[in-house]
1. Can you return the lysines within cross-link range of K120? Criterion is Cα-Cα under 23 Å, with same-chain partners fewer than 8 residues away left out.
2. Report in % the part of the accessible area of the stretch 1-145 that belongs to carbon and sulfur, leaving out ligands and nucleic acids; probe 1.4 Å.
3. Skip the ligands, DNA and RNA, and give the accessible area per residue of the chain with a 1.4 Å probe, whole Å².
4. Give me the Debye-computed log₁₀ of I(q)/I(0) at q = 0.21 Å⁻¹ for the stretch 42-92, equal point scatterers on Cα only, no solvent, two decimals.
5. Sort 63-73, 92-102 by the packing proxy (mean of other Cβ within 10 Å over each peptide's residues), most packed first.
6. When only Cα pairs under 8 Å and 6 or more residues apart are kept, what is the percent relative contact order across the stretch 1-74?
7. How big is the Rg/Rh ratio for the chain, C-alpha atoms only, Rh by Kirkwood, two decimals?
8. Remind me, relative contact order of the chain in percent, using alpha carbon pairs under 8 angstrom and six or more residues apart?
Amino acid sequence: MRFALPAEGGCQCGEIRYRLIGEPVWLAVCHCNECKRQSGGAFGMSLRMHEADVQLISGEPKRWTRAADSGNLVICCFCGTCGNRLWHEPAGSGFLHIKPGTLDDPSQLAPRYEGWTKRKVRWLTIDGLEASFEEQSPSRRSTSAC
Ligand SMILES: [Zn+2]
Ligand SMILES: [Zn+2]
């Protein structure tokens with residue numbers, strides 16, 4: 001999937017704006033319970049970007065750090081005014097995981113794989129995936145996105 005760049009996004013209230021200037025590494029769906037709680041929906045999504053390919057245009061996100069199941073720390077960035085989660089920073093990874101629903105135009109997004117299908121809601125089927133994993137996918141284990 002080619003991604004039209006640059007792509008901009010931001011939080012619901014507009015205080016925080018960002019710009020993506022490089023090709024995303026991948027887009028994944030996660031069905032784990034943490035992602036459900038974080039997104040407030042049936043699953044979470046992560047758009048993996050090289051840190052250097054994400055520019056902050058305006059605002060200063062607030063940060064909250066949590067330990068993933070793996071023990072790795074994930075820094076969760078959100079707007080302090082509207083509370084919208086914007087991206088996660090798996091500590092020390094050099095990558096940011098953008099919450100892709102915050103893009104101004106999320107229509108070009110198509111996930112490549114899904115993780116934690118053993119927690120997936122029964123009514124959901126996603127077409128066009130390259131791979132599904134019962135738990136955390138192998139390529140994400142080292143950086144624990146959620
Ligand atoms: Zn906001
Ligand atoms: Zn997850």
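The values are calculated or read from the model by the stated rules, or taken from the named source; none is laboratory data. In this text the structure is predicted, and so the values were computed from the model without any measurement. Counting neighbours? That spans all protein chains shown, and the Cβs are built from the backbone with ideal geometry, glycine included. Side chains included, ligands, DNA and RNA excluded: accessible areas come from the protein's heavy atoms. Shrake-Rupley method; radii C 1.70, N 1.55, O 1.52, S 1.80 Å.
1. Output for K120: K36, K99.
2. Here it works out to 48 percent.
3. 51
4. -0.90
5. 92-102, 63-73
6. Reported relative contact order: 29 percent.
7. Reported Rg/Rh (Cα atoms, Kirkwood Rh): 0.93.
8. In percent, rounded to a whole number, it is 26.
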